[in-house]
């Protein structure tokens, strides 16, 4: 292979620099701007590991964003200019004479490289990046299909996709953010463009991936890890966190379209308590309203709605009701939402200035102009009566926006929105009129913003709860979500795992799917298995469509009910762990449901991520749920456990897997026994769950609602790691528990409790558990800990150096430890 002389190399760099300079190259303290053939490219370092890339042809585009927080969008760090670009403390940036961009780490590993110059076609543009077979792509929200987006093509255009299938695209959300994982290094990419956009991850051309839009700005962000967890932290910094949810929203939730009339909802509540199905939330779909008009009540069929809310609260149920955005077009009948919306000019307009009216559930309907701050404030005010009644949360459905009986099932592209986002901390937009082409993908997000602000207005110290079907990047600041109108099929159950995992990677940590499938009627076995999955997912909501068979836990007889109850009960026992994981995500950006590669980025020797199909998922960092990749099949299947120590959650059996990365002496390779696959035999009543060795799980006594105070100690279940010699890895032993009052914002003022735990194992097998002093000012519900070590049958115990009494619960020996304001050491041997 020919070599390049030092003289030739220097000459080439000099010529490159001269060409860029001739193209009006200019360096700034935090980046570079270069112009060629009428296109200007600007690259700015917001942080050492975050770049913002913008391009334009005429005037500099508006510097604004619905998604990116103002303090992140305007951040900058100092860079060091080079002949072809600049460097930061983490990245190298090079721009060639044709404005092709290359971003590398400081060791020279190419993280992203333009495959061609930016291409324009009128207002349309296409960004092409080089793709290798080592690139794996994750994110883009709840698009159906495998976890890895490689080889697929997607359109971003929020769409009412009732009965969607694995190949359906687009569906409900537009989250144009993805992770590119390559050889153990992760780069986050966010195209901040609200127009209809397209992503092709190598379908048209195996050697490149493209991002294209029909209009709008070329404005994208690059976030370097190299660890994927660091990218998730940066995504939180850029677009905001999933807020800490109310504790009750992590409980089991029962819903249907619809519980009608009021007596049926009361029957559901009574049966749930009678059968001891732990439940926190009941939902009401559109039939509770007068003629499907939002913010009304059908007083004939729900004759005492305030009393209903009060009675459910006495049974420790929260009630969530739907508040769709389509305001019934009902002038002169005393319908306040229409009257006030029309009087305040809060509805979107046709090009001729008249109000746009489209058909939805109420019939002819008006649509609020949520891009106006004044209209969001008006919308927020509509929640006054419902919040005063004690309704706990709200459901914003149909907000793609969905419109019946029209092509595309949404507003015409020509509908006018009036952007008026002025105010403290606003998005930077000037007051102007925009077409629906620009606003469509953020419309649902801005509705949920108004709903969120309305709840804070009337309950300023309570955590808002809004569930949305449509959203845009950053929408996690205002709402939780679900995957929309899925179907009661085994394939949809299988699809749920990668959908929720990719939603978590996209910022929507609090997400769920309609348990049992919305459209159609699940078999008893399908509903049972779905309830098992959902017990370990962020939002556990059983929901079904009108005309389908009932979905409640008890509908298929006592045998199925017993299995289903068991998994819901286990969710409630794990509630301290689940709430701790949710709080961790609100601080760090880590999702509740995680793909394998997020926790094990170097599990494969070649740096490729594990389980790119997405059959398995992690709940936090400690629990691995391993469903059947084909849940309707009965054959044994293998589970790819990462190297290290694992425990069967249900039995406590220890499983040790060796590292595949360990170097093997070539002279000894014939003596190495190949590690056999870990096989699982699927059964209806079992969902394989594994605990990572070195985990300390907080477990609570069973309750029927998160509003009920558990009776007994908080159990610390310790799963010690195996010796490094048997696993090839070094495993820490740690855990923590976080708690607060579960519903107010007082935790932001120090009213919380966080306790961290560690453990170590002595050569003689004795296990020492260290309970750190608590952080925060909140007093938790437990007065004692119970420490249990899985795999150890202790004969003695000490607490703070003093002999303590062992006791046995469910065939597990343990020791009681009084809760303390200081650190405590417990030894079991």
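Any read-out appearing in this document is the output of simple, stated calculations on the displayed coordinates, not a laboratory observation. These numbers were taken from a predicted model, which means no experiment stands behind them. A quick note on method: Cβ atoms are made from the backbone with ideal geometry, for glycine too, and the neighbour counts reach across all protein chains shown.
Per-residue extension of 0.36 nm, minus the Cα-Cα distance of residue 825 and residue 273, leaves a gain of 194.7 nm for this segment.
Within region 308-336, whose backbone N sits under 17 Å from a point 7 Å along Cα→Cβ of residue 409? Correct set: 325-326.
Please report the antiparallel percentage of DSSP beta bridges with both residues in region 295-410, rounded to the nearest 5. Walk me through the numbers on the way to the answer.
Values: 8 of 11 bridges.
The antiparallel fraction comes to roughly 75 percent.
Tell me, what is the FRET efficiency for residue 110 and residue 304 to the nearest 0.05, using R0 = 51 angstrom and their Cβ-Cβ distance as r?
Numbers: r = 67 Å, r/R0 = 1.30.
Calculated transfer efficiency: 0.15.
Only DSSP H runs of four or more residues enter the estimate; each adds -39500 (n - 2.57), and after division by the residues of the chain the mean residue ellipticity at 222 nm equals -6000 deg cm²/dmol. Spatial offset of region 444-460 relative to region 99-178 amounts to 31 Å, using the alpha carbon center of each.
Going from the residue with the fewest nearby Cβ atoms within 10 Å to the one with the most, 272, 104, 796 rank 796, 104, 272. In terms of packing, defined here as the mean over residues of other Cβ atoms within 10 angstrom, the peptides 185-193, 759-767 line up highest first as 185-193, 759-767. Look at the alpha carbon pairs under 8 Å that are at least 6 residues apart: their mean separation over the length of the chain gives a relative contact order of 10 percent. The simple Förster model, with R0 at 60 Å and r as the Cβ-Cβ distance, assigns residue 263 and residue 57 a FRET efficiency of 0.40. Beta bridges assigned by DSSP with both partners in the chain are antiparallel in approximately 85 percent of cases. Taking a ≥ b ≥ c as the square roots of the eigenvalues of the alpha-carbon gyration tensor, region 226-305 is classed oblate because a/c is 1.5 or more while a/b is no larger than b/c.
What relative contact order, as a whole-number percentage, does region 23-239 give when Cα pairs under 8 Å and 6 or more residues apart are counted?
After rounding, I find 18 percent.
Using R0 = 35 Å, the C-beta based FRET efficiency linking residue 123 and residue 82 works out to 0.55.
Calculate, in nm to one decimal, what residue 203 and residue 384 gain on full extension: separation in residues at 0.36 nm each, minus their alpha carbon distance. Could you put the intermediate results ahead of the total?
Numbers: separation 181, 0.36 × 181 = 65.16 nm, distance 4.98 nm.
Extra length from residue 203 to residue 384 when fully extended: 60.2 nm.
Once the piece of chain linking residue 777 and residue 523 is laid out straight, how much longer is it, given 0.36 nm per residue of separation minus the C-alpha distance between them?
Numbers: separation 254, 0.36 × 254 = 91.44 nm, distance 4.88 nm.
That works out to 86.6 nm of additional length.
Could I get the Rg over Rh figure for region 693-829? Both from C-alpha atoms, Rh via Kirkwood, rounded to two places.
Numbers: Rg = 15.7 Å, Rh = 15.8 Å.
That ratio is 0.99, to two decimals.
Placing pseudo-labels 7 Å out from each Cα toward the beta carbon at residue 29 and residue 352 gives an inter-label distance of 5.5 nm.
Among beta bridges identified by DSSP and lying wholly in region 693-829, the antiparallel ones come to about 85 percent.
Taking region 786-804 and a reference point 7 angstrom along Cα→Cβ of residue 762, the backbone N atoms nearer than 11 Å belong to 797-798.
As a rough guide to protection, the peptides 165-174, 475-484, 630-639 ranked by mean Cβ packing within 10 Å, highest first, stand as 475-484, 165-174, 630-639. Where the centroid of each part is defined by its Cα atoms, how far is region 502-542 from region 297-341 in Å? A separation of 27 Å, based on Cα centres. Going by a ≥ b ≥ c, the root eigenvalues of the Cα gyration tensor, does region 23-239 fall in the rounded group (a/c under 1.5), the prolate group (a/b larger than b/c) or the oblate group? In terms of gyration-tensor shape, prolate. Label positions at residue 546 and residue 491, each projected 7 Å from the Cα along the C-beta direction, are separated by 2.8 nm.
The protection proxy used here, the mean number of other Cβ atoms lying within 10 Å of each residue, ranks peptides 317-323, 555-561 as follows, highest first: 317-323, 555-561. Using the Cα gyration tensor of the chain, with a ≥ b ≥ c the square roots of its eigenvalues, what is the shape: rounded (a/c below 1.5), prolate (a/b larger than b/c) or oblate (neither)? Because a/c hits 1.5 or more and a/b fails to exceed b/c, the chain counts as oblate.
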